[in-house]
Amino acid sequence: MRTLLLALVAATAFADEAAPTPRPVMRQLPEGGLPAPPSDRQLVDARKELKARFRGLLSRADSAAGATLACDVLYSSAITETDAALKWLMLSESRRLAIDTGRAECISRAIALASASYKFDPLAMELDSLAEIPLRALDARKTIELAEAAEQLATRAEVDGQEETAQSAWLLAFRSWQRCGNLEAARRAESRIK
């Protein structure tokens, strides 16, 4: 009897391992491509939901540590959010908090995620957002991060054929490298400005 029971358990375990795993399914974009970002009117209910869902987190966002945490939590929550208006608002708020705290990498990642779901000019939005970071208030590490983000943006803009955006991004990179005292990197960025 015991042997029969062990054989049954082993057969069941083997059957579970042998069961094929479901194949991933690719979702298709809606007809006509990505939707436009929600309008202010569409964001009214989303604002109420954001405040209700993240009340405690947002209430602590007036300190640097609180803003940093809120930026990261909103971004992480937006990844799985299904409501389009709320997702846009979460990413916008994450980007705003990243500007306030001087976190260039967080701006880039929030815009990259938003551009996967909505149709807008991500390069222009990223340039505007990076340019809003108060350069004089940044420490050396964040200044380097800003300079590197501006260089990456400039390169993407050049590849995309947006020369004006690329030139503005190179100028921002140049100013950032100068601010942190890396003259070699500043000269490299300056050489790209036409």
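Is it the case, given these coordinates, that Ala116 is under 11 Å from the mean Cα position of the chain (by Cα) and surrounded by fewer than 21 Cβ atoms within 10 Å (Cβ to Cβ)? So Ala116 fits the description; yes.
Within the stretch 45-79, the residues that satisfy the criterion of being of a type in the set (D, E, K, R) and not in a loop (DSSP other than H, G, I, E, B) are Asp45, Arg47, Lys48, Glu49, Lys51, Arg53, Arg55, Asp72.
Restricting Glu105, Glu145, Glu163, Glu126 to those that are within 30 Å of Leu43 (Cβ to Cβ) and surrounded by fewer than 15 Cβ atoms within 10 Å (Cβ to Cβ) reduces the list to Glu105. Lys87: in contact with a Ser or Thr (Cβ under 8 Å, 6 or more places away or on another chain), in a helix (DSSP H, G or I), farther than 19 Å from Leu130 by Cα and among the charged types (D, E, K, R), yes or no? Criteria met by Lys87.
No value in this document is a laboratory result; all are computed from the given coordinates. Fair warning: this is a prediction, and the values are worked out from it, not measured in the lab. Don't worry about glycine lacking a Cβ; one is built from the backbone with ideal geometry, like all the others, and counts go over all protein chains shown.
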